[in-house]
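Enquirer: Mind having a look at this structure? Questions to follow.
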Amino acid sequence: MRLCLSLLLLAGCAQQVASTSCDFTCNELVTTCAYPAFPTRDTCLQGCAYWEESGVNVDSYLACVQDAACNTFQILECEHEFGVSSAQ
Amino acid sequence: MSSAFPVLSKRVVASLGALVTSACAQDVFISSGPPDVNPADVTDCGFTLVEGTQVSRYDCNPVFSKEDITAEGALGGTSFHVEEVMGVPFFQMWYTLYPASGNPAYTLNYAVSSDGVTWEDHPSNPTRLAPHDGVWDQDNMDGVRIVWDPDASQYDLIYQGVNIASGKSKLGVYTSPDGMVWTPSTNSPVMDFGAQLGGPNLCWPLALDKPAGTQFNGYLGAGPTPGIALSSNKCEIYRFVTPDLNAPGKYKIDPTPVVKAGPEAYDKQGMVDAAVVQFKGKFYMFYVGFRKWTQSTGNWILATDANVSLATSVDGVHWTKDPSNPLPIYASESGKISAVAAQVVGDRIHLWVTDYYKDLDDQAIGYFLYEPPAE
């Protein structure tokens with residue numbers, strides 16, 4: 001019974017989850033920059049979890065986004081340098 | 001009836017469910033793939049289906065006009081690109097502007113948007129000014145096509161440069177690390193339009209793509225007879241590939257058009273613009289087909305009476321025109337469309353159509369969504 005419960009709990013969390021870095025990145029994009037592209041904060045977190053799953057180094061991306069300071073032109077170049085297309 | 005597994009009461013099941021939920025309810029988010037945001041959820045206005053089509057029109061079109069431009073001038077050609085930020089689309093647009101003063105003759109400008117409808121001009125626009133003193137592209141910069149080359153980590157730009165006095169137009173090539181600072185390639189212009197020996201006579205660039213690890217591929221408008229300044233001529237769609245945009249000898253242009261002008265009236269004379277995207281294993285080409293040539297300055301003629309049409313293909317070479325062409329998505333009057341751009345995002349193809357808006361008495365850009373039919 002204990003084994004079954006453990007497996008059940010693991011199965012419930014076995015998918016990729018967004019990290020603390022995602023939290024910070026989404027704070028920057030959704031709260032600080034207030035980009036309308038994200039209907040909710042969860043949209044950003046879902047995208048970030050997917051990015052991590054795809055091999056993106058979100059810490060590096062976050063540093064780039066913070067340096068950009070809501071300059072959209074620079075943020076788009078962060079994608080080229082550290083985003084999902086660079087990880088593939 | 002017995003079971004090898006313990007049978008759990010409803011209460012236990014409920015408790016377990018709560019336990020699983022709470023175990024995952026921390027500051028973490030479970031990914032089930034990239035988000036697919038409905039554009040209507042991030043824009044001020046909604047979208048309305050255009051009857052008889054798979055196209056929805058943004059209810060507050062146009063999304064970009066001369067009112068959005070800090071500099072004065074007439075809007076020319078455009079090129080669009082999508083970059084995903086945390087799985088949602090951000091949009092890039094480059095556009096040419098023709099100042100009323102004529103000095104410079106044109107400028108190239110860069111803007112971005114995080115919702116497809118509200119555009120932010122780059123504070124350092126323009127990115128490029130028309131040259132002076134009889135240079136080959138001093139009068140027009142048309143057919144601008146910009147792609148991100150993931151292999152070279154740079155933007156590539158091709159365009160039709162025009163010198164009206166000389167009666168010539170040529171294919172120019174630029175590169176940029178950031179979409180803002182452009183450098184001409186060493187061999188630019190790489191070829192003359194209207195003077196290709198042993199092949200079709202070129203009219204203008206139509207579409208360009210550069211997937212990772214592959215050659216550049218794209219489409220050019222071209223005709224079978226010498227000189228584009230002949231009203232009897234046609235500018236049909238030819239496919240090309242090249243490993244290097246800067247190497248004139250490496251462009252391989254198909255000897256025959258992949259989409260022919262006519263016999264339908266709506267594209268009887270050819271195509272003046274096109275955008276090609278790949279979506280779920282199928283190619284979609286949105287093109288601006290035109291019915292007639294109209295005399296312009298000197299020996300130059302303009303493609304007029306133009307509307308957006310659609311063709312599809314499984315290989316990018318063999319195309320089938322849509323039976324419902326042309327798409328009834330014009331703004332104020334049929335026949336005034338000059339450009340179309342397309343980008344795939346999630347389950348939709350986003351379209352931007354440059355058209356005449358009567359209330360503005362000017363060309364402006366409208367936003368549309370195309371949702372391919374389920375197959």
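Where a number appears in this text, it was derived from the coordinates with a stated rule and is not lab data. Nothing here was measured: the structure is a model prediction, and the numbers come from that model. Here the Cβ positions follow ideal geometry from the backbone for every residue, glycine too, while neighbour counts run over all protein chains shown.
Enquirer: Expected output is a single nm value to one decimal: the length gained when fully extending between residue B:247 and residue B:320, i.e. 0.36 nm times separation in residues minus the C-alpha distance. What is it?
Expert: Length difference between fully extended and current span is 23.1 nm.
Enquirer: What number comes out for the charge environment of residue B:280, summing +1 per Lys or Arg and -1 per Asp or Glu over other residues with Cβ under 15 Å away? All intermediate terms of the calculation are to be shown ahead of the outcome.
Expert: Working: positive: B:282, B:348; negative: B:36, B:315, B:347, B:371, B:375.
Spelling it out: positives minus negatives among the neighbours equals -3.
Enquirer: Just to verify a number: FRET efficiency for residue B:40 and residue B:333, C-beta to C-beta distance, R0 = 41 Å, to 0.05?
Expert: On the way: r = 27 Å, r/R0 = 0.65.
Computed FRET efficiency for residue B:40 and residue B:333: 0.95.
Enquirer: Taking R0 as 30 Å, what FRET efficiency do you get between residue B:164 and residue B:282 from their Cβ-Cβ distance, rounded to the nearest 0.05?
Expert: On the way: r = 40 Å, r/R0 = 1.35.
The computed FRET efficiency comes out at 0.15.
Enquirer: Between residue A:40 and residue A:67, what is the spin-label point distance in nm, taking each point 7 Å from the Cα along the Cα→C-beta axis?
Expert: Each label point lies 7 Å from its Cα, and together they span 3.4 nm.
Enquirer: Could you check the simple spin-label distance between residue B:362 and residue B:71, using points 7 Å along Cα→Cβ, in nm with one decimal?
Expert: It is 1.4 nm.
Enquirer: In peptide B:87-93, what is the residue-averaged number of other protein chain Cβ atoms found within 10 Å of each Cβ?
Expert: Working: counts 14, 10, 1, 6, 2, 3, 0.
Whole-number average of other-chain Cβ neighbours for B:87-93 is 5.
Enquirer: Using the Cβ atoms and a cut-off under 15 Å, what net charge is assigned to the surroundings of residue B:324, where Lys and Arg are +1 and Asp and Glu are -1? Please list the in-between numbers first.
Expert: Numbers: positive: B:321; negative: B:51, B:264, B:267, B:322, B:371.
Result for the neighbourhood of residue B:324: -4.
Enquirer: Further question: Taking K and R as +1 and D and E as -1, what net charge do the other residues with C-beta under 13 Å from the C-beta of residue B:49 add up to? Numbers along the way, then the final one.
Expert: Details: positive: B:57, B:348; negative: B:51, B:59, B:371.
Result for the local shell: -1.
Enquirer: Using the 10 angstrom Cβ neighbour count as an exposure proxy, how do B:93, B:141 rank, fewest first?
Expert: Details: B:93 22, B:141 25.
By the 10 Å Cβ count, ascending: B:93, B:141.
Enquirer: Taking the alpha-carbon set of the range B:36-370, what are its Rg and Dmax in Å?
Expert: 18.4, 52
Enquirer: For chain B, find the longest principal axis of its Cα atoms and tell me its angle to the long axis of helix B:10-23, 0 to 90°, nearest 10.
Expert: Tilt relative to chain B: about 40 degrees.
Enquirer: Just to check, using Stokes-Einstein with a Kirkwood Rh over alpha carbon pairs, what's the diffusion coefficient of the range A:17-87 at 10 °C and 1.306 mPa s in µm²/s? Let's see the in-between values first.
Expert: On the way: Rh = 11.7 Å.
In µm²/s, the coefficient rounds to 135.
Enquirer: Same structure again: Among the listed pairs B:210/B:268; B:252/B:321; B:170/B:292; B:268/B:292; B:170/B:268; B:234/B:292, which are separated by more than 18 Å between their Cα atoms?
Expert: Details: B:210/B:268 30 Å; B:252/B:321 24 Å; B:170/B:292 23 Å; B:268/B:292 7 Å; B:170/B:268 25 Å; B:234/B:292 9 Å.
Cα-Cα > 18 Å for B:210/B:268; B:252/B:321; B:170/B:292; B:170/B:268; rest within.
Enquirer: Per-residue ellipticity at 222 nm for chain B, helices alone: DSSP H runs ≥ 4 residues times -39500 (n - 2.57), over residue total, nearest 500 deg cm²/dmol? If you can, show how the numbers build up before the last one.
Expert: Details: 1 runs with 14 residues, N = 375.
Rounded to the nearest 500, it is -1000 deg cm²/dmol.
Enquirer: Points 7 angstrom from Cα along the Cβ direction at residue B:48 and residue B:374: gap in nanometres?
Expert: 2.6
Enquirer: Same structure, new question: Other chains' Cβ within 10 Å of B:75-84 residues: what's the mean? Before the final figure, lay out each step's value.
Expert: Working: counts 0, 0, 0, 0, 0, 0, 1, 0, 9, 9.
Taking the mean over all residues of the peptide, I get 2.
Enquirer: Shielding by partners for B:114-121, please: the mean number of other protein chain Cβ atoms within 10 Å of each residue's Cβ.
Expert: Numbers: counts 10, 4, 2, 1, 1, 0, 3, 0.
Per-residue shielding by partner chains comes out at 3.
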